[in-house]
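Read the figures in this text as sums done on the coordinates, not as results from a lab. Note that this is a predicted model, so its numbers are computed, not measured. Don't worry about glycine lacking a Cβ; one is built from the backbone with ideal geometry, like all the others, and counts go over all protein chains shown.
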Amino acid sequence: MDWGLKNRLSRIIQPDTGRTVMLAVDHGYFLGPTSGLQVIARTVRPLIPYADSLMLTRGALRTSVPADVDIPIVLRVSGGTSILRDDLSNEDITTSMKEAMKLNACAVAISIFVGSVHEKETLTNLAKLVSEGEDCGMPVLAVTAVGREMTRDAQYLSLCCRIAAEMGAHLVKTYYCDDFEKVVETCPVPVVIAGGKKTPEKDALKLAHDAVKHGAVGVDMGRNIFQSDNPVGMIKAVRAIVHDNTAVDRAYGLYRESAKG
Ligand code: R5P
């Protein structure tokens, strides 16, 4: 791995803890103005001080994040479908590596849809993106998107994560599941988890806790932070779990204390 790529990765996975709190706000690329992200800038601004990186599209970045903000950017570069379609797997690469460099991204992110109609295209797109990324020192995050017909179990998610790593992904984002340590153990690159649909705050904190306990290097969490009644309290609590190994009850206390403030 060359110096530039290592340097970019080290801005995402914090060298002092080996962990990361990535804030995902890229949902609009197929969901449009989803709950909590109707006005991206308003949602993101107060959360930036507590995030290790921000995952979003080029359109959201250009319009909603001031250029002088010091936050590593994980740029979503795949898309091309909307929630109105039954098959969300028909994605292509939507943003070039050249643009990712111009936007000073620290990584690019692409979804793969293992087991879907467009499995092959999404996997070969990942492989091409990795080749371009290696040329530029740009890490690639593979997101294991799960179709409605797929089961989020260790067998399926291990398959997805391992294929992503074999295609050359430098970091993989997946879902937490029972026997999650098997997913991590069989994936030779670091794994982060998505938060998934909004759940009660304590449940989301337990998810983050269990994920890092079983080997994830952190979270790339969206809805369970920005759809919370107290997004800042929530990201502070997630941070305490990921970077300080804070227990769930204590972290939940931080969320509630912050809510009072
Ligand atoms: C997929 O839509 C995106 O990559 C999201 O950023 C990802 O699913 C993480 O967000 P959440 O924690 O809301 O699941």
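Points worth noting:
- Hull-based mean projected area of region 78-142, where the convex hull spans the alpha carbons, in square nanometres: 4.3 nm²
- Amide H within-cut-off set for Arg19, under 5 Å, with H built and near neighbours excluded: Gln14
- Working note: Cα gyration tensor of region 1-137, eigenvalues times five, square-rooted, sorted largest first, giving semi-axes of 23, 21, 13 Å.
- Computed as a quarter of the hull surface, the mean projected area of the alpha carbon convex hull for region 124-261 stands at 8.9 nm².
- Loop-resident trypsin sites (Lys or Arg not before Pro) (DSSP state other than H, G, I, E or B) in region 121-177 with no more than 11 further Cβ atoms inside 10 Å of their Cβ: Arg148.
- Flagged links, alpha-carbon separation over 18 Å, of Lys173/Lys197; Lys128/Lys182; Lys98/Lys128; Lys120/Lys182; Lys182/Lys213: Lys128/Lys182; Lys120/Lys182
- Each part gets one Cα centre, and for region 215-261 versus region 63-87 those centres are 23 Å apart.
- Volume in Å³ per residue [convex hull over Cα atoms, computed for the chain]: 116 Å³
- Classification of region 5-68 by its C-alpha gyration tensor yields a prolate form. The axis ratio a/c (a ≥ b ≥ c) is 1.5 or more, and a/b outweighs b/c.
- Highest to lowest packing among 8-15, 21-28, 37-44, scored as the average C-beta count within 10 Å: 21-28, 8-15, 37-44
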